[in-house]
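The values are calculated or read from the model by the stated rules, or taken from the named source; none is laboratory data. Quick caveat: nothing in here was measured; it's all calculated off a predicted structure. Glycine also receives a Cβ, built like all others from the backbone with ideal geometry; neighbour counts cover every protein chain displayed.
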Amino acid sequence: MDIEEQATIREAQRGNMLAFESLVKRYDRKVWQLAYSMVHHAEDAEDIYQEVFVRVYKNLSKFQFRSEFSTWLYRVVVNYCLNFQKKVQRKQTYSLEKESIQSGENWRTTLRGHERDPEAKMLNRELSSKIDHAIRQLSPKQKLVFELRHYHGHKLKEIASIMGCTEGTVKNYLFRATRKMQQLLQEYSMK
Amino acid sequence: MKLPEQLDKYALLYLYDELDKLEKQAFETHLKYNADSRKRVDELRAFHGVLAARKPFEPSEEALAFARANLRQRLREERRQMLRPGWWESLRMGLSFRMAPGAVAFSLVLFLVGIQIGRLLVPQKTRNRIASENLLQSHDRLAISDVDMIRYEPKTGIVNVEYKILQDVVLQGNIKDEAIRQVLIHTIMTEDHPGRRLMAIKATGGAAFSDHDLEDALIHAMERDEVSGVRLRAAKVLRYLSMTADIKQAFIRVLLKDPNPAMRMEALDVLSRLRETDVLPIFQNASRDDENEFVRLKASRILERTENPEVGDRSQSN
């Protein structure tokens with residue numbers, strides 16, 4: 001953690017709202033992405049964004065600089081999301097209508113026009129949607145590790161710290177998640 | 001051939017660059033001599049190629065700005081709640097007074113003696129005016145309990161504030177004084193009496209200031225105050241501040257949600273002066289759907305002027 005960030009956190013701990021807002025601006029995109037990758041629902045992800053930052057605001061005084069601020073923040077997000085999923089217990093069986101909406105939503109987030117061929121674009125969209133579907137089949141913790149490592153580029157050590165478990169456990173989650181994903185996307189892996 | 005689980009794990013960690021230096025060297029040596037492991041690494045690499053078709057969700061700048069504005073609103077509410085003493089604390093304070101009448105009487109005597117000494121030593125005129133700098137020096141955080149009076153003199157820009165900390169305090173200064181601003185923010189956010197809230201808002205309008213918290217308080221008043229006169233006054237002050245994204249969003253929300261047509265007219269007026277195209281769809285909605293005829297008419301005229309600026313300018317100059 002750099003000195004500037006430390007100073008900002010200390011200011012925010014003293015109640016300086018501007019300092020807290022600069023922390024929000026620095027990390028909120030990541031928080032939103034992380035929440036979305038766990039709940040796969042745009043509105044829920046936005047609610048989680050709000051709740052997490054309110055929680056962080058109330059508990060900032062408890063942060064004692066023993067870890068990176070980002071790690072502490074992501075831990076709050078992860079714990080909140082895991083509890084949220086337990087509470088809501090949104091089932092994996094989506095109605096056809098909802099599935100198509102979700103897929104459409106993901107399509108928007110897939111590739112940004114670097115394939116000029118419309119057919120390839122369509123195939124890519126289909127694949128992206130299948131990958132999303134496969135990720136939803138993973139257990140919450142497998143999903144978390146897979147998303148954080150593969151799509152967000154966090155190191156396994158950092159993920160272990162965020163989840164509050166050992167690196168070995170995280171490796172196991174990643175390994176099981178990859179195997180399951182490979183099985184679910186077998187037809188594409190073969191091509 | 002299927003690889004043993006341990007080797008399979010190594011292949012995965014190798015691709016993610018999660019092996020330490022020695023493990024990596026050993027695994028690379030192993031790969032040179034083991035075709036099955038090489039094949040597995042290639043399979044995993046191809047699988048990563050497949051996974052690249054999905055990009056992680058990316059919130060738009062607009063959505064982030066909106067979420068930040070909502071968050072700011074919520075945090076303000078939280079802070080407001082945190083400043084208020086809880087019922088348990090209030091009860092305990094009340095009880096502690098009741099349980100120690102001797103201490104209360106002793107404090108009262110000391111207080112009265114203090115007042116008498118003060119009257120003897122300090123001349124009348126200087127006693128009633130405490131410079132806000134001194135007040136700030138003597139109190140790191142102002143524990144404001146009640147605001148009694150705010151008086152604003154538009155000609156001189158002087159604001160007089162009377163409020164309680166442990167005893168009555170009289171402040172004199174202008175909007176550039178932090179102590180004055182703190183009292184005004186407190187009044188706007190928490191005062192029950194609408195007249196005092198109105199006067200606090202009026203007192204912020206005398207000079208330019210750069211205080212994010214005060215700006216937030218004014219936005220809060222414009223959007224949330226229950227008295228429309230107070231909301232309108234806040235809007236009138238905000239329109240003369242430099243137009244930040246937060247203020248603009250607040251005016252858009254007023255145009256969309258405020259029940260009072262005068263407020264919506266004010267918002268229309270402010271937003272139209274920005275001459276920005278992103279608000280045009282909101283004007284179109286207002287010209288079509290607003291329940292008030294005057295608001296609809298004003299929105300239509302703004303749209304007309306936007307579409308044909310020459311006509312608009314001519315009619316304005318006329």
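Enumerate the pairs (first residue in region B:212-227 and under 15 Å from B:Ala69 (Cβ atoms); second residue anywhere and hydroxyl-bearing (Ser, Thr, Tyr) and surrounded by 20 or more Cβ atoms within 10 Å (Cβ to Cβ)) with beta-carbon separation below 8 Å, excluding pairs fewer than 6 apart on the same chain, so at least 6 apart or on different chains.
Listed by first residue and then by second, the contacts come to B:Leu218/B:Thr204.
Let me spell it out: the conditions are (1) at pLDDT 90 or above; (2) within 26 Å of A:Asp28 (Cβ to Cβ); (3) within 11 Å of another protein chain (Cβ to nearest Cβ); (4) buried (at least 19 other Cβ atoms within 10 Å of the Cβ), and A:Ala177 meets all of them except one. Which number is the exception?
In the conditions (1) at pLDDT 90 or above; (2) within 26 Å of A:Asp28 (Cβ to Cβ); (3) within 11 Å of another protein chain (Cβ to nearest Cβ); (4) buried (at least 19 other Cβ atoms within 10 Å of the Cβ), A:Ala177 misses (2) alone.
Give all pairs with beta carbons closer than 6 Å in which a residue from region A:57-75 that is within 14 Å of chain B (Cβ to nearest Cβ) and surrounded by 15 or more Cβ atoms within 10 Å (Cβ to Cβ) meets a residue that is in a helix (DSSP H, G or I) and small (Gly, Ala, Ser); count only pairs at least 6 apart in sequence or on separate chains.
Sorted first by the residue in region A:57-75, then by its partner, the pairs are A:Leu60/A:Ala12.
With the condition kept exactly as written, say whether any residue in region B:254-273 is buried (at least 22 other Cβ atoms within 10 Å of the Cβ) and acidic (Asp, Glu).
yes
Which residues, taken from region B:1-48, are facing chain A (nearest Cβ under 9 Å) and assigned to a helix (DSSP H, G or I)?
B:Glu5, B:Asp8, B:Lys9, B:Leu12, B:Leu13, B:Glu43, B:Leu44, B:Ala46, B:Phe47, B:His48
Looking at B:Arg54, B:Arg92, which one is of a type outside the set (Val, Ile, Thr) and assigned to a helix (DSSP H, G or I)?
Numbers: B:Arg54 fails: assigned to a helix (DSSP H, G or I).
Going through B:Arg54, B:Arg92 in turn, the sole match is B:Arg92.
Considering only region A:32-46, state which residues are in a helix (DSSP H, G or I) and either closer than 15 Å to B:Ser60 by Cβ or within 10 Å of chain B (Cβ to nearest Cβ) (or both).
If we filter region A:32-46 for residues that are in a helix (DSSP H, G or I), which is where we start, we get A:32-39, A:42-46.
The answer is A:Trp32, A:Gln33, A:Leu34, A:Ala35, A:Tyr36, A:Ser37, A:Ala42, A:Glu43, A:Ala45, A:Glu46.
Just the residues that are aliphatic (A, V, I, L, M), within 18 Å of A:His150 (Cβ to Cβ) and free of Cβ contacts under 8 Å to residues at least 24 places away in the same chain, please, taken from region B:1-42. Spell out the reasoning first.
At the first step, the residues of region B:1-42 found to be aliphatic (A, V, I, L, M) are B:1, B:3, B:7, B:11-13, B:15, B:19, B:22, B:26, B:31, B:35, B:41.
Going one step further and asking which of them are within 18 Å of A:His150 (Cβ to Cβ), we end up with B:11-13, B:15, B:19, B:41.
If the condition is that a residue be aliphatic (A, V, I, L, M), within 18 Å of A:His150 (Cβ to Cβ) and free of Cβ contacts under 8 Å to residues at least 24 places away in the same chain, then B:Leu13, B:Leu19 are the ones that fit.
A:Ile3 versus (1) more than 8 Å from every other protein chain (Cβ to nearest Cβ); (2) within 19 Å of B:Lys55 (Cα to Cα): which is the lone unmet condition?
Just one mismatch for A:Ile3, condition (2).
Restricted to region B:49-81, and to residues that are without any contact (Cβ under 8 Å) to a residue 60 or more places away in the chain and more than 8 Å from chain A (Cβ to nearest Cβ), which residue is nearest to the chain's Cα centre (by Cα)? Give the steps one after another, and end with the answer.
Filtering region B:49-81 down to residues without any contact (Cβ under 8 Å) to a residue 60 or more places away in the chain leaves B:49-64, B:67-68, B:70-71, B:74-75, B:77-79, B:81.
Subsequent filtering for residues that are more than 8 Å from chain A (Cβ to nearest Cβ) retains B:49, B:52, B:60-62, B:77, B:81.
Details: B:Gly49: 45, B:Ala52: 40, B:Ser60: 21, B:Glu61: 19, B:Glu62: 18, B:Glu77: 9, B:Gln81: 14 Å.
Only one residue tops the list, namely B:Glu77.
For every residue, the table says whether it meets (1) more than 17 Å from B:Asp177 (Cα to Cα); (2) more than 14 Å from chain A (Cβ to nearest Cβ).
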{"position": "B:Thr204", "(1), (2)": "no, yes"}
{"position": "B:Asp216", "(1), (2)": "yes, no"}
{"position": "B:Glu223", "(1), (2)": "yes, yes"}
{"position": "B:Ser228", "(1), (2)": "yes, yes"}
{"position": "B:Leu232", "(1), (2)": "yes, yes"}
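If I go through region B:36-63 residue by residue, how many of them are over 21 Å from A:Thr178 (Cα atoms) and out of contact with any Ser or Thr (no Cβ under 9 Å at 6 or more places or on another chain)? Break it down stepwise before answering.
Restricting attention to region B:36-63, the residues satisfying the condition of being over 21 Å from A:Thr178 (Cα atoms) are B:58-63.
From what's left, out of contact with any Ser or Thr (no Cβ under 9 Å at 6 or more places or on another chain): B:59-63.
Matching residues across region B:36-63 total 5.
Report the residue count in region B:234-248 for those that are assigned to a helix (DSSP H, G or I) and either within 14 Å of another protein chain (Cβ to nearest Cβ) or farther than 19 Å from B:Leu268 by Cβ (or both). Quick ask: steps written out before the conclusion?
Pass one, region B:234-248, residues assigned to a helix (DSSP H, G or I): B:234-238, B:245-248.
Subsequent filtering for residues that are either within 14 Å of another protein chain (Cβ to nearest Cβ) or farther than 19 Å from B:Leu268 by Cβ (or both) retains B:245-246.
Count: 2.
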